1. Taking amide H positions as placed in the peptide plane 1.01 Å from N, state which residues far from residue 22 in sequence (5 or more) or on other chains have amide H under 5 Å from it.
2. Sorted from fewest to most neighbouring beta carbons within 10 Å, what does the list 230, 519, 535, 136 look like?
3. Mean shadow of region 1-46, computed from the convex hull of its alpha carbons, in nm²?
4. Give me the distance between the Cα centres of region 327-344 and region 77-93, rounded to whole Å.
5. Each residue of region 198-205 in order: what ³J(HN,Hα) in whole Hz does its phi give by Karplus 6.51 cos²θ - 1.76 cosθ + 1.60, θ = phi - 60°, with x for Gly and Pro?
6. How far apart, in nanometres, would the label points at residue 558 and residue 343 be if each is projected 7 angstrom from Cα along the Cα-to-Cβ direction?
7. Through the Karplus equation 6.51 cos²θ - 1.76 cosθ + 1.60, θ set to phi - 60°, convert the phi angles of region 480-496 into ³J(HN,Hα) values in whole Hz; use x for Gly and Pro.
8. So what are the ³J(HN,Hα) numbers for region 558-574, from phi and the Karplus equation (6.51, -1.76, 1.60; θ = phi - 60°), rounded to whole Hz, Gly and Pro as x?
Amino acid sequence: MADFFVPPVLKHYRIEREAGPAEAGALYAGRDRRDGSAVAITALRPGLLAERGGPERFLAEAQLATTLRSPFTVKVLDYGIEDGLAFIVSEHDEGELLSTILARGPLDGARAAALAHDAARSLEEAEVRGVVHGSIRPSNVVVISAHSGKVMGYGLPAAGDGGRTASGAFTGSMPYAAPELAGADPDARSDVYALGATLLAMLTGRDPAPAGAGGVRELSNLPPPLASIIARCMASDPEDRYRTASELAGALSRVARATAAPGAEPARAPAPAEPPRSFAAPPPPQPTAAPTVIQRDEPAPIMSGRLTASGWASSRHASFDYELTLENRGQRPATVDVRGSDAAGALRIGTPAQVVVAPGQPARVGITVAAARRGWFGETRSIPFQLVAQDRSSGGPPLTFAGEFRDEPDRRARTIALASAGAIVAVLLVIVLGVSGVFGGGSPAAEDDDESPTPTSRATTRATASPNAEVTSTADTVAPPRSISVGQWDYAFLVERNTCGGDPIAGVEFNFSYLLNEIVRPPDGYISAGEEVDIYQVDGGYLGKFKFTYPRFTFEYDVPDGRAVLVNTYTDANYGTATLTETYTGNDGRACEIFLTDK
């Protein structure tokens, strides 16, 4: 029981029972009295806020935590302070704490790599949104199924001294704390350290040695690929660790795939060239035993599933992520085709080409739904769509899932358009009256900075409004010659060829967004030929500073274990075509590539 008083009702949440200890205080199972839904409530022990920056910092960090919507994260629903008691309300997930599982013994390499991969994917979104967890450890990981998990504890004050409960379950944090935390606040690199320490605990069944107490121990007894990952995560110097959680997730994905393959030897099995992180969801785990011999009287796989909205909403570019969970109650793996459609043809629905669902291991499939074209005017509209999952292995009846997408008009773009109407009219008058001699008699074609054939394409990419795009005045919103709009550019790509083998196969669709920001001051809302531009990949981080050319602009950036080259050919300030080439080098030293064109 908690050693401090917690009232039976906090805000509109009713506490039903204590679910266990929490490093920050006590964890309770409860219900939202408005709709009866189950929730998890963490009540912070008195005095903790004063130790960790005060109530203002708690409220700010809790608010930031509510923005996390990854399917690998236990979502924060609410938070508050009542009568001096601070609390956080999270979604209720059926599962078991990793700390409880480790109290019964260590995990095998394949399962540990898969769970650590899911935790890294959670940190991936947090890193992009500027959220630091600060207390990654086994008691903050919920194991949903044998090979999938979620991270909880976002928004709570960073871990303190730590220790173990009387039952021996993991609750301490010092064994998982990076050495630099002795004199600084946690950051993304300290989260990478803590996840490496958690992976070590999964493989040994006990807390690792604290940082600075002799270094990482027992790595010689672990599978070499995992030992290498742990050593890099737990490097004393933060500069020697994985640069991002995305990079760590890619490494764990490859190890999980190799160790889970039937008959594979994880220490020596060569890993195939990995597609870019943003291309592929984590591979479904494969059975570790020898394949089952299929008899004639074996029943066909029994498939079931459900579709849920997983979050990652963005009203700026009208997209939303959903999660399709497929379960196979048969005796052998099932290969499932997933397709999406809407009657009006108003949506772009991104689905994987195929999903392999292992028996008894639910497969979670990410589905991205976006408006095919943003509207500037009108009201929010609901567009129904449908997903169909067809089990090709058995030829059984397809599963159908119904969803609803809420398309919101781009109100910021509409505001800019209306505010600049007067400026546009003025420019038209100048053209008609011939005041400016530049436009009279027609304009010569813009000279290309880099002559090359137009890339193969079937659609256009375009810019959408972005809060990071600065405009000094509405009069400056008329595009200057040889320029593009500042802000977010959205791309819909199709894989045209893949010489690396495996996924993704030709015809698979992927959606990317890049943020292009001006460097010149004062900004005018456009990037013109010869200017330098800062480029960010949305949900992927800063890519670098590049010199802009028009109408053809090429920039390169690193992806895990490879290099990406994006070639843009602009048709005006807001539209263009593009190709994307990802190049990788396999273990044999030979290069391969994945080539994508506009959808």
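The numbers here are math on the coordinates, done by the rules we state, and not lab data. Just so it is clear, the model here is predicted, and its values are computed rather than measured. No Cβ is skipped: glycine too gets one built from the backbone with ideal geometry, and neighbour counts run over all protein chains shown.
1. Excluding prolines and chain starts, which carry no amide H, the hits are 27.
2. On the way: 230 23, 519 12, 535 18, 136 28.
In increasing order of surrounding Cβ atoms, one gets 519, 535, 230, 136.
3. On the way: hull surface 11.7 nm².
Across all orientations, region 1-46 yields a mean hull projection of 2.9 nm².
4. 38
5. Values per residue, Gly and Pro as x: 5, 4, 4, 5, 4, 7, 9, x Hz.
6. 5.1
7. 3J(HN,Hα) across region 480-496, in whole Hz: x, x, 6, 9, 10, 6, 5, x, 8, 10, 9, 10, 10, 10, 10, 5, 8.
8. 7, 10, x, 6, x, 9, 10, 10, 10, 10, 10, 10, 8, 9, 7, 5, 10
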